[in-house]
1. Using a 10 angstrom cutoff on alpha carbons, build the Gaussian network for the chain and name the most mobile of Pro289, Pro28, Pro138.
2. So what is log10(I(q)/I(0)) for the stretch 199-262 at q = 0.15 1/Å, when the Debye sum runs over its Cα atoms only?
3. Name the residues of the stretch 143-183 whose amide N is less than 19 Å from a point 7 angstrom out from the Cα of Ile211 along the C-beta direction?
4. For the stretch 26-105, what does the alpha-carbon gyration tensor say about shape, rounded, prolate or oblate, given a ≥ b ≥ c as the root eigenvalues, a/c under 1.5 as rounded, and a/b over b/c as prolate?
5. For Phe168 paired with Thr43, estimate the spin-label separation in nm (one decimal), with each label point 7 Å from Cα along the Cα-to-Cβ line.
6. Taking only protein heavy atoms and a 1.4 Å probe, what accessible area per residue, in Å², does the chain have with all protein chains in place?
7. I'd like the accessible area for Ser30: 1.4 Å probe, protein heavy atoms, all chains in place, Å² to the nearest 10.
8. Mind checking which lysines have their C-alpha under 16 Å from Lys218, skipping anything on the same chain fewer than 8 residues away?
Amino acid sequence: MSRLFFIFFLSALLLADEYSFDIENIEPKSYEYGGYLRVDNKTQRLRNQDEEYQNQLRLEGLLDFSYFYDIFTFKASAIATHEYIHDKISASDSLFNELYVDAKLNINHSFLVGKKSLMWGKGYFYNPVAFLDRKKDPADPTQAREGFILSKYSYNKSFSGSLKNLSFDFVYLRADDEINKDYRTLNTNKEDSHNTAARLYMLLSDTDIDIIYNYSDKANDKIGVDFSKNIDVNFEIHGEYAKVLNDGFSYLLGLRYLTDFELTIISEYIYRSEGLTKNEIKMSNNMAPFIAKDYAITQVTQKEPFSLLYFNLYYKNMLNLQDFSQQNRIGAGYSFKNNTEIDISYNINSGGSLSEFGKKQVEDFIWLRVTLNY
């Protein structure tokens, strides 16, 4: 296990008693910190393998630290992981997800430089307009993701009319064999490139709207639009549309609804013009997420069922609308008063033998996750 991962565990122990009342704790501080220690264990049943079952263990620690001085904010988010599968994988890694300095020049203007996750887009499971971000994992969409090294200028202005807020971001990202190597591989065909993006945000009549343009000297330009609107206090709709000029497009439509008895429903439809059809999926060995043209993903979460405090039940379905294979997950979570969370779920990939989820190496698995937040 990496040295950085050990430091996270030691930090959690040292910080465990930091919450006794002290008048100094309510005064503004020049720094903030937080993070978690997490254990994921998956007991998996395999298809067409020499062994029927395998156990996958992942240890993860994340530490966020922010320091404030005058107009400057320094942010560091470090993560360390260790993955283990008996006789197959034993690997440790550590890196910074984010490491940047943000300068608030005045009430309207700011400038940022460093490694940053932009997190553009309104979708919960997928973001077509997140041109300068790494893609989400639909099985774990809230997982912390590594950013890219970039610079960003931002302008922000508030108003009193129907246009309540307007902001503008201009981003520059250089990709070569030393800086943003992953972006160079995935987006510019392993060619050194200069990439820029401009985003205009508006809060117009209680509707969030983003308009995005992405330029690259080695790849086709992209345009994107997204929106989010509260129809009622408990009902929100959102959508995204992204177009690669002279090439394909993708879009997402979704909703989030909260019932009176605290049942939360999140449902999204995803379409990708460059995705695979049913017949193409049969011939493909690509196991990456979102390979098909379209999907429907729905997650239903019941908070504190049967009046059980700090407890929740949930169900999630990811349906490939080309071959109708699917991934289902049913689980339960509990939050302890010491900031520890336990989540356990049963997950199954089902479908025809040549369908996307029917071809997955893992047929089904039990996923146990324990998280200590600090």
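1. Greatest mean-square fluctuation among the candidates belongs to Pro28.
2. At q = 0.15 Å⁻¹ the computed log10 ratios are -0.57.
3. 154-159, 161-171
4. prolate
5. Inter-label distance under the simple model: 5.8 nm.
6. 55 Å²
7. Here the residue's solvent-accessible area equals roughly 50 Å².
8. Candidates past the 8-residue exclusion: Lys181, Lys190.
The values are calculated or read from the model by the stated rules, or taken from the named source; none is laboratory data. As the structure is a prediction and not an experimental result, all values here were calculated from the model. Positions of Cβ are backbone-derived with ideal geometry, glycine not excepted, and every protein chain shown enters the neighbour counts. What goes into the accessible areas is simple: the full protein's heavy atoms, side chains included, and nothing from ligands, DNA or RNA. Shrake-Rupley method; radii C 1.70, N 1.55, O 1.52, S 1.80 Å.
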